[in-house]
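The values are calculated or read from the model by the stated rules, or taken from the named source; none is laboratory data. Quick caveat, the model's predicted, so the values are computed rather than measured. Cβ sites come from the backbone with ideal geometry, for glycine too, and all protein chains shown count toward neighbours.
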Amino acid sequence: MPENDITPAPATGATHPLALAPVAGPASSVDGFVRQFLRNLNYERGVTLSASNVADRYFAFAMTVRDYLMARWLEDLRRQLASKAKVVCYLSAEYLLGRQLDNNLLASGLTDIATEAMAACGIDIYELREQEVEPGLGNGGLGRLAACFIDSLATMGVANVGYGIRYEYGIFRQTFEDGQQVEQPDSWLTMGSPWEFPHPEFAQDVRFGGHTETYDDDGVTRSRWIPAWGVKAVPYNYMVPGYLNGRVNTLRLWRAKATNAFDLRIFNSGDFEEAVRSQTYAENISQVLYPEDSTPQGKELRLQQQYFFVAASIADVVRLLPNGDPSTLPDRVIFQLNDTHPVIAVPELMRVLVDDMHLEWDAAWEITQKCFAYTCHTLLPEALEVWSVELLGRLLPRHLEIIYRINEEFLDRVRERYGDDLMRLRDMSIIAEFPERSVRMAYLATIAGAKVNGVAELHSQLLRDKVLPQFSEFFPDKFINVTNGITPRRFIKLANPGLSDLITEAIGTGWLTDLERLRELESYAENPDFRTAFAEVKAANKRHLNDVLRARDGFEIADGHMVDVMVKRLHEYKRQMLKLLHIVTLYEGITSGRVAAADVTPRTFVFGAKAAPGYVMAKRIIHLINAVGKVVNADPRVEGRLGVLFPPNYNVTLAERLIPAADLSEQISLAGKEASGTGNMKFALNGALTIGTDDGANVEIRELVGDDHFFLFGQSEPEVEALWARGYRPADFYQADDSLRRAIDLIASGAFSGGDASVFEPIVSNLLYDDRFMVLADYSSYLQAQERVDAAYADTESWTRSAILNVARTGYFSSDRSMRDYLDRIWRAEPVR
Ligand code: 26V
């Protein structure tokens with residue numbers, strides 16, 4: 001421990017090369033790090049080392065890493081402003097970032113120095129890491145994808161700003177009471193965040209409500225919007241450091257603040273109610289992330305959120321136009337729409353160009369069409385966002401007018417091509433008439449976007465053929481595929497240091513930014529010593545996971561168990577129920593005496609899943625998983641050969657512990673329902689084998705790793721369609737399959753609900769008489785595939801070989817490759833050298 005724990009005053013006269021404020025102890029040596037750490041502890045936290053608590057130390061430590069990156073960040077901001085490079089503006093309502101400290105240490109190359117520096121201060125760096133509350137500003141795949149993409153863009157040196165919302169409360173914290181999900185607010189900001197920088201000087205006004213009018217502007221008739229109320233959008237910047245390249249991009253999240261001046265004006269105009277309303281509503285806008293991830297509720301606050309962040313973001317970009325000349329816009333920026341959530345940006349840009357900058361409509365539309373591209377992330381029809389005309393017109397009257405005009409001109413073109421085909425016009429109109437007049441945001445995005453992409457080959461094909469067939473006929477060149485990816489920095493290097501070291505030992509460095517190089521591992525799969533080392537890494541990861549689960553939840557994975565993991569949002573289409581039927585089948589086999597426990601492959605099933613708070617069936621399924629776990633884990637007849645663990649509050653931090661320890665990855669959605677999946681990629685890259693359907697990115701994973709190293713089961717998408725067409729009767733499957741019937745009967749009997757058969761009756765009848773996701777139809781194929789898994793797992797050497805080949809052959813799924821694809825085929829932009 002340093003003798004004097006008060007830092008000396010900063011050295012004077014040391015001018016930084018970038019002419020920034022003098023940097024004391026520039027952290028790039030152990031001494032420098034210690035000194036800067038103590039400075040932050042003393043001057044930012046106001047405590048001495050000996051008096052500090054672990055939160056103080058975490059903050060001072062994080063600030064020290066931040067200080068180190070700051071000079072690079074400011075330089076990158078300057079460079080991006082000065083350069084003529086096209087800036088990728090990623091518009092996303094969600095960013096599921098995960099913890100920042102480790103990632104920023106890794107990116108800055110400070111891990112070793114920092115570890116040594118903390119050791120010199122007698123501080124356990126692991127304990128500090130555990131202090132960080134992850135910013136959970138997203139629901140699931142879509143939000144995590146955004147986080148991976150901005151990591152890749154920084155690492156590739158692409159000028160990028162991620163725009164989004166600084167939610168005060170992120171995705172809820174999940175707890176279980178009597179096995180049932182209870183949601184707790186996620187107050188991730190109560191301790192403050194060392195990673196954010198508010199910039200009130202760049203605040204933007206965002207307005208709502210009111211009416212529109214036309215006026216005469218020197219002989220030209222123009223429209224203008226007279227809003228009724230407004231809020232201030234204050235940007236908070238977060239650093240997005242590239243991996244060891246000295247680059248730092250910006251994530252800019254907007255926070256809503258009440259604007260007194262604006263309210264006063266309305267107040268004076270006599271509209272008291274509107275004034276009070278704006279006061280009350282203003283700061284509500286960025287308060288909470290909506291925890292729904294598939295069924296849009298048409299909630300007014302959510303539309304406010306969407307317009308709030310895109311209006312602020314567009315204003316933020318437009319203010320930087322050289323000479324205020326909008327014609328240069330398409331050369332300078334591209335707005336990528338992450339699903340339909342930010343699509344209101346389209347009429348907003350039109351409004352700015354036409355009403356504020358007085359461009360002709362056609363010129364404005366020409367520009368707008370070049371500035372947007374749209375990514376669709378779903379196939380579920382109920383997930384496609386629509387806004388009622390009534391609501392949109394009340395909140396954003398001018399935008400509704402603009403949407404109507406875009407629609408009219410588009411339908412004119414459709415008419416030119418096809419004549420007065422009323423059915424077609426109705427089907428392609430942005431405005432739906434039933435069940436109520438509403439705006440189809442995906443249509444608007446498709447018409448306005450220069451490109452429309454799906455997120456995996458199968459998804460993009462279904463998007464063209466099933467979701468938007470008329471549009472793909474009308475705009476044949478617009479529709480493309482860009483397969484998703486994940487960042488190997490977080491999900492291999494940080495999450496699985498043991499595997500990373502082993503890979504580097506084998507093939508050298510460089511693979512973390514050129515992930516296809518993992519191919520060089522293929523030959524190592526044949527090397528018994530390498531296999532042993534690989535298996536040892538997996539075993540160590542399991543031990544580490546055990547430590548984490550023991551401390552977190554008091555759980556234990558038994559020695560020698562296969563670790564079988566299913567982590568993702570709880571949704572019927574993802575089919576956690578199918579997994580559960582497998583478990584119940586094994587359990588029923590043992591307890592009925594038909595199967596000897598000793599003949600069952602020892603497995604621990606690990607679930608992680610949050611359900612949308614209003615999704616009743618999903619919550620019932622969570623309850624059932626916990627109920628089955630409780631019974632199975634406690635039953636001595638199982639002889640410890642089966643375990644069911646459901647750690648609550650699955651999040652990015654837990655994912656980073658679970659994935660490296662997994663042997664088997666469950667990707668079992670009904671074919672045609674999962675757009676891509678990205679967890680599937682993370683597991684394969686960490687050496688888990690996949691049991692999966694022919695769905696989403698599973699298709700591409702299987703193609704790359706090869707049939708022998710992937711457990712495929714279930715109907716294909718065309719088979720699913722054919723069965724629907726024939727008429728699907730789940731009860732027939734129940735009747736015809738003894739093992740399925742026994743599993744369902746056991747659940748129906750109340751065996752997992754203390755004898756009360758009513759508790760899970762809704763699940764049982766849903767399966768038997770509704771089963772929209774064909775759980776029963778795929779059950780038998782799934783069970784057979786699980787038997788193949790058991791057989792393969794029995795041959796340890798061959799399993800390990802397959803696991804290595806999974807790692808070697810899935811480098812394609814780096815988000816760096818995804819970003820290359822977007823750059824080349826959508827954004828037409830290049831890294832800034
Ligand atoms: C949808 C909605 C609907 C309205 C209410 C609020 C809300 C919030 C989020 C979402 C996003 C759901 C779409 C989504 O997360 N899709 C997932 O995207 C992943 C990345 O492309 C992909 O891997 C998953 O397959 C897909 O389900």
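The residue of region 371-388 that is farthest from Gly677 (Cα to Cα), among those that are within 16 Å of the ligand (Cβ to nearest atom) and among the aromatic types (Phe, Trp, Tyr), is Trp387. Within region 794-808, can one find any residue that is out of contact with any helix residue (DSSP H, G or I) (no Cβ under 8 Å at 6 or more places or on another chain), under 25 Å from Lys682 (Cα atoms) and surrounded by fewer than 19 Cβ atoms within 10 Å (Cβ to Cβ)? The answer is yes, given that some residue of region 794-808 is out of contact with any helix residue (DSSP H, G or I) (no Cβ under 8 Å at 6 or more places or on another chain), under 25 Å from Lys682 (Cα atoms) and surrounded by fewer than 19 Cβ atoms within 10 Å (Cβ to Cβ). Mind checking whether some residue in region 741-754 is farther than 27 Å from Asn806 by Cβ, within 31 Å of the chain's Cα centre (by Cα) and touching a residue at least 24 places away in the same chain (Cβ under 8 Å)? No, region 741-754 has no match at all. Of all positions in region 350-365, none carries a residue that is more than 26 Å from Ile431 (Cα to Cα) and among the small types (Gly, Ala, Ser).
Those residues that are at pLDDT below 75 and either closer than 25 Å to Glu94 by Cα or in a loop (DSSP other than H, G, I, E, B) (or both), I need them from region 239-270; list them, please. Quick ask: steps written out before the conclusion?
Step one: filter region 239-270 for residues at pLDDT below 75, giving 260-270.
Within region 239-270, Ser269, Gly270 meet the criteria.
Within 16 Å of the ligand (Cβ to nearest atom), crowded, with 21+ Cβ neighbours inside 10 Å and within 23 Å of Phe471 (Cα to Cα) - does that describe any residue in region 389-408? Outline the logic, then answer.
We begin by selecting, within region 389-408, every residue within 16 Å of the ligand (Cβ to nearest atom); these are 391-392.
Now narrow it down to the ones that are crowded, with 21+ Cβ neighbours inside 10 Å: 392.
Filter once more, keeping what is within 23 Å of Phe471 (Cα to Cα): none.
Among the residues of region 389-408, not one is within 16 Å of the ligand (Cβ to nearest atom), crowded, with 21+ Cβ neighbours inside 10 Å and within 23 Å of Phe471 (Cα to Cα), which makes the answer no.
Please find, within region 1-27, the residue that is modelled with the lowest pLDDT out of those that are within 17 Å of Glu116 (Cβ to Cβ) and surrounded by 15 or more Cβ atoms within 10 Å (Cβ to Cβ). Steps first, please.
Kept after step one, since they are within 17 Å of Glu116 (Cβ to Cβ), are these residues of region 1-27: 1-2, 25-27.
Next, from what is left, pick out any that are surrounded by 15 or more Cβ atoms within 10 Å (Cβ to Cβ): 2, 25-27.
Details: Pro2: 49, Gly25: 41, Pro26: 53, Ala27: 66.
Only one residue tops the list, namely Gly25.
Across region 683-699, the qualifying residues are those that are away from the ligand (no atom under 14 Å from the Cβ) and either among the basic types (Lys, Arg) or within 25 Å of Leu101 (Cα to Cα) (or both), and the one among them that is surrounded by the most Cβ atoms within 10 Å (Cβ to Cβ) is Leu685.
Considering region 74-115, the residues that are of a type outside the set (A, V, I, L, M, F, W, C), outside any helix (DSSP H, G or I) and away from the ligand (no atom under 16 Å from the Cβ) include one that is modelled with the lowest pLDDT, namely Ser83. Hey, does region 761-772 have a residue that's crowded, with 20+ Cβ neighbours inside 10 Å, in a helix (DSSP H, G or I), of a type in the set (Val, Ile, Thr) and modelled with pLDDT of 95 or more? No, region 761-772 contains no residue that is crowded, with 20+ Cβ neighbours inside 10 Å, in a helix (DSSP H, G or I), of a type in the set (Val, Ile, Thr) and modelled with pLDDT of 95 or more.
The set of residues in region 590-617 that are out of contact with any helix residue (DSSP H, G or I) (no Cβ under 7 Å at 6 or more places or on another chain) and in contact (Cβ under 8 Å) with a residue 24 or more places away in the chain comprises Ser592, Ala598, Pro602, Arg603, Thr604, Lys610, Pro613, Gly614, Tyr615. Restricting attention to region 177-192, the residues that are surrounded by 18 or more Cβ atoms within 10 Å (Cβ to Cβ) and free of Cβ contacts under 8 Å to residues at least 60 places away in the same chain add up to 2.
Of the helices (runs of 4 or more DSSP H) lying entirely inside region 298-370, the ones with 2 or more residues being out of contact with any Phe, Trp or Tyr (no Cβ under 6 Å at 6 or more places or on another chain), among the hydrophobic types (A, V, I, L, M, F, W, C) and more than 16 Å from the ligand (Cβ to nearest atom) are found at 300-318, 345-351. I'd like to check something: does region 37-47 contain any residue that is touching a Leu at 6+ places or on another chain (Cβ under 7 Å), in a helix (DSSP H, G or I) and of a type outside the set (Ser, Thr, Tyr)? Looking through region 37-47, at least one residue is touching a Leu at 6+ places or on another chain (Cβ under 7 Å), in a helix (DSSP H, G or I) and of a type outside the set (Ser, Thr, Tyr). Remark: pairs (first residue in region 679-702, under 22 Å from Gln784 (Cα atoms); second residue charged (D, E, K, R) and part of a loop (DSSP other than H, G, I, E, B); Cβ separation under 8 Å; 6+ apart in sequence or on different chains) = Ala688/Asp663; Leu689/Asp663; Asp695/Lys673; Asp695/Glu674; Gly696/Glu674; Asn698/Glu674; Arg702/Asp694.
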